[in-house]
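Visitor: Let me begin by handing over the structure; questions about it come next.
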Amino acid sequence: MKRIITPGTLPTPDLHQYLLGAVAPRPIAFVSTIDPEGRVNLAPYSFFNAFSSNPPILVFSSNRRVENNTTKDTLHNIMASKECVVNVVSYPIVRQMMVCSVDFPNGISEFEQTGLTPVPASQVKPPLVKESPVNMECRVTDILTLGDQGGAGHLIICNVVCMHIDESVLDENQRIDPHKIDLMGRMGRAFYVRASGAAVMSMPQSHKLPVVGYPKLPEHIRQSKFITANLIGALAGMKELPTNQEAITTILGWESGDQILKLDSDTKHQIAQEYFNGNQLEKAAALLMSI
């Protein structure tokens with residue numbers, strides 16, 4: 001049974017938490033800005049994502065405070081300067097980032113309060129966070145106001161003009177390694193997720209046809225009591241499945257393959273699921289197609 005939530009029928013703070021609990025995890029934009037007097041502000045925003053690669057566009061939202069409907073220093077500074085730096089949040093600095101969510105009085109430096117290090121940017125006035133593994137210098141192209149009540153967002157559209165990537169987070173192919181960058185994500189209430197280690201899964205999927213598709217899976221797979229929807233989805237996403245004879249030939253090449261072929265269908269389904277859980281999709285497919 002699902003609870004029905006209708007916006008407008010419950011207090012904004014409650015709806016806010018339902019949204020944040022459901023739309024999660026979210027990346028965190030750790031945004032540095034500078035006011036007309038040259039004072040630097042640093043604040044985290046989890047209403048944030050990348051929206052385009054060409055041009056390279058980031059968008060984050062600085063929302064009105066629910067309790068008093070006021071707006072934040074980040075928004076004021078960006079409206080004046082049209083510049084910011086978006087720094088990513090890795091696990092080693094997550095606690096320092098959280099201190100920046102405190103509503104310090106105007107003019108108080110979050111860099112000083114957290115011990116983080118400001119570093120001059122190359123193309124914009126706000127500084128980089130030295131301890132962040134990736135910094136993105138941005139010029140703001142537009143600010144979209146979504147409302148005038150507490151909780152309403154201001155979508156800040158940022159054109160990335162320069163990126164700084166710590167070489168220590170790159171793999172041998174010069175791509176960012178999720179385990180090395182060790183990013184943090186925001187969830188609802190006081191919950192965060194660490195996007196490295198066992199939390200990270202590699203799930204290759206071809207984006208080009210052909211793929212098998214659900215309707216072409218054998219009935220015994222689609223109606224199985226023992227294999228999960230994820231395994232069924234993985235099989236449907238394969239370019240092709242082995243024929244029954246190909247599967248049998250493959251299994252005969254396994255250790256004790258002749259004995260495996262003698263197992264009943266339910267047992268084969270359960271073993272196939274174990275193969276899949278162990279990241280052995282090809283073996284799972286062969287076993288299921290041998291039935």
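The values are calculated or read from the model by the stated rules, or taken from the named source; none is laboratory data. Everything quoted here is computed from the prediction, not taken from an experiment. Quick reminder, even Gly has a Cβ in these numbers, built from the backbone with ideal geometry, and neighbours come from all protein chains shown.
Visitor: Take residues that are of a type in the set (Lys, Arg) and tell me which of the helices (runs of 4 or more DSSP H) falling wholly in region 172-291 contain 1 or more. Outline the logic, then answer.
Guide: Details: elements: 178-181, 219-222, 229-236, 244-252, 257-261, 265-277, 281-289.
Fully inside region 172-291 and qualifying: 178-181, 219-222, 265-277, 281-289.
Visitor: Which of the residues that make up region 245-259 are surrounded by fewer than 18 Cβ atoms within 10 Å (Cβ to Cβ) and touching a helix residue (DSSP H, G or I) at 6+ places or on another chain (Cβ under 6 Å)?
Guide: Gly257
Visitor: Still on this structure, please answer the following. Would you please name the residue that is surrounded by the fewest Cβ atoms within 10 Å (Cβ to Cβ), looking only at residues in region 60-111 that are touching a helix residue (DSSP H, G or I) at 6+ places or on another chain (Cβ under 7 Å) and modelled with pLDDT of 95 or more?
Guide: In the first step, residues of region 60-111 are kept if they are touching a helix residue (DSSP H, G or I) at 6+ places or on another chain (Cβ under 7 Å); the result is 62, 66, 84, 89-90, 96, 99-100, 104, 106.
Applying the additional criterion that residues be modelled with pLDDT of 95 or more yields 62, 84, 89-90, 96, 99-100.
On the way: Ser62: 23, Cys84: 28, Val89: 28, Ser90: 24, Gln96: 19, Val99: 15, Cys100: 22.
Taking the candidates together, the pick is Val99.
Visitor: A further question on this structure: What tally of residues in region 72-98 results from selecting those that are of a type outside the set (Lys, Arg) and either touching a His at 6+ places or on another chain (Cβ under 7 Å) or closer than 20 Å to Leu19 by Cβ (or both)?
Guide: 1
Visitor: Restricting region 180-197 to residues that are exposed (fewer than 14 other Cβ atoms within 10 Å of the Cβ) and within 15 Å of the chain's Cα centre (by Cα), which is modelled with the highest pLDDT? Let's see the steps before the verdict.
Guide: Step one: list which residues in region 180-197 are exposed (fewer than 14 other Cβ atoms within 10 Å of the Cβ), which gives 189-191, 197.
When the remaining residues are screened for being within 15 Å of the chain's Cα centre (by Cα), the result is 191, 197.
Working: Phe191: 98, Gly197: 95.
Once the filter is applied, the top-ranked residue is Phe191.
Visitor: Here is a further query. When you go through Phe226, Phe276 one by one, which is the residue that is more than 30 Å from Ser90 (Cα to Cα), touching a His at 6+ places or on another chain (Cβ under 9 Å) and not assigned by TED's automatic domain parsing to the domain that holds Pro92? Walk me through how you get there before you give the answer.
Guide: Numbers: Phe276 fails: touching a His at 6+ places or on another chain (Cβ under 9 Å).
Answer to the selection: Phe226.
Visitor: Another question, if that's okay. Can you name the residue in region 73-102 that is among the aliphatic types (A, V, I, L, M) and touching an Asp or Glu at 6+ places or on another chain (Cβ under 6 Å) and is also farthest from Arg186 (Cα to Cα) among such residues? It would help to see each step written out before you state the result.
Guide: Narrowing region 73-102 to residues among the aliphatic types (A, V, I, L, M): 75, 78-80, 85-86, 88-89, 93-94, 97-99, 102.
Narrowing further to those that are touching an Asp or Glu at 6+ places or on another chain (Cβ under 6 Å): 85, 93.
Numbers: Val85: 19, Ile93: 14 Å.
Among residues in region 73-102 that are among the aliphatic types (A, V, I, L, M) and touching an Asp or Glu at 6+ places or on another chain (Cβ under 6 Å), the one farthest from Arg186 (Cα to Cα) is Val85.
Visitor: Right, Ile4: part of a loop (DSSP other than H, G, I, E, B), among the aliphatic types (A, V, I, L, M) and at pLDDT 95 or above or not? Please lay out each step first, then the result.
Guide: On the way: part of a loop (DSSP other than H, G, I, E, B): yes; among the aliphatic types (A, V, I, L, M): yes; at pLDDT 95 or above: yes.
When the stated conditions are applied, Ile4 passes them.
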